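Here is the structure we will look at, set down as structure tokens.
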Amino acid sequence: MSLIAQFLTALFSNLLIWFSSRVTKQVGMTIFAITVITTLSLALYLSIKGLVAGLVMYITNEWILMGMGILWPSNAEACITAIFTAELAVYIYRHKKAVYWGSVPK
């Protein structure tokens, strides 16, 4: 009886180890991909904002500043943030969908 218990314990522990290592790899890669995309999006956003702020700081002509206000309205940050958030949500959805369909037995 103890041999059966040892066998079942070893079987379930190996199954649990295999399952947890597989899930950990998938979760780790997903978190890594989300971190990379978020970091690159933030870098792009900050560089564009810095370039616009640098241009506005050195321009003294009122007409050019009004034109810059048309090109970069006061709600531009909110719009860019919404776009980046939507892109990130779509990426996560597509990635999860691919992981799900890749794990479904055929």
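Computed from the coordinates by the stated procedures, all read-outs in this text should not be read as laboratory data. Computed from a predicted model, the values in this text were never measured in an experiment. Cβ sites come from the backbone with ideal geometry, for glycine too, and all protein chains shown count toward neighbours.
Data overview
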quantity: Any hit, region 63-73, residues being within 30 Å of TYR100 (Cβ to Cβ) and not hydrophobic (A, V, I, L, M, F, W, C); calculated: no
quantity: Within the chain, helices (runs of 4 or more DSSP H) holding 1 or more residues that are acidic (Asp, Glu), in contact (Cβ under 8 Å) with a residue 40 or more places away in the chain and surrounded by 10 or more Cβ atoms within 10 Å (Cβ to Cβ); calculated: 76-103
quantity: Residue list for region 4-53, filter: within 24 Å of the chain's Cα centre (by Cα) and more than 30 Å from ALA86 (Cα to Cα); calculated: SER20, SER21
